[in-house]
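Quick notes on the structure that follows.
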Amino acid sequence: MNVKINSFQHLGIPVTDLKRSENFYKSLGFENVMRSTFEMNGDTGFVSMMKLGEMIIEIYQMPAKELEEIKNRNNGHIDHIAFDVDDIDSTFAELKNNSFHIVEEQPVFLAFWKNGCKYFNIIGPDGERLEFNQIV
């Protein structure tokens, strides 16, 4: 198999109040380097990328319909680990050809960063989600 992972890209954490979480991470020295929205089930969610040095933490607030699930948790939750790749399409094909459990039918485009990004997720042996991401 020939998958080239460049580096750890970001860690995604769902939050119940994006502004409160932005302020929390800013107090630790992180800087908000990107803010955007995303659509899910006909509703809008919000996302911020918080950066400190080479570390990026993606904090996102799910749309109102999905937010209740997060509010009802009694502990924190890390949603996914993301890896930076140079060629999302060839990485997708390589993992698909090697029978990895891929969540999406194809890489998904998001209007994040300056020119967007494309990503897809695989599921690990204990249900963990690993994202492969290319900033375009």
(request) From (1) modelled with pLDDT under 90; (2) under 24 Å from Phe132 (Cβ atoms); (3) touching a helix residue (DSSP H, G or I) at 6+ places or on another chain (Cβ under 9 Å), pick out the condition that doesn't hold for Glu39. (result) (3)
(message) Among the residues that make up the stretch 80-102, is at least one of them in contact with a strand residue (DSSP E or B) (Cβ under 8 Å, 6 or more places away or on another chain), assigned to a strand (DSSP E or B) and free of Cβ contacts under 8 Å to residues at least 24 places away in the same chain?
(response) yes
(request) Please find, among Lys114, Lys118, the residue that is part of a loop (DSSP other than H, G, I, E, B), modelled with pLDDT of 90 or more and out of contact with any Cys (no Cβ under 7 Å at 6 or more places or on another chain). (result) Lys114
(message) Show the residue pairs meeting these rules: Cβ distance below 7 Å; 6+ apart or different chains; first residue within the stretch 107-136 and within 12 Å of Phe83 (Cβ to Cβ) and without any contact (Cβ under 8 Å) to a residue 60 or more places away in the chain; second residue among the small types (Gly, Ala, Ser) and assigned to a loop (DSSP other than H, G, I, E, B).
(response) Leu130/Gly124
(request) Among the residues of the stretch 35-53, write down those that are under 18 Å from Gln9 (Cβ atoms), out of contact with any Ser or Thr (no Cβ under 7 Å at 6 or more places or on another chain) and of a type in the set (A, V, I, L, M, F, W, C). (result) Phe38, Met49, Met50, Leu52
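The values are calculated or read from the model by the stated rules, or taken from the named source; none is laboratory data. None of the values given here were measured: they were computed from a predicted structure. Neighbour counts run over all protein chains shown; Cβ positions are idealised from the backbone, glycine included.
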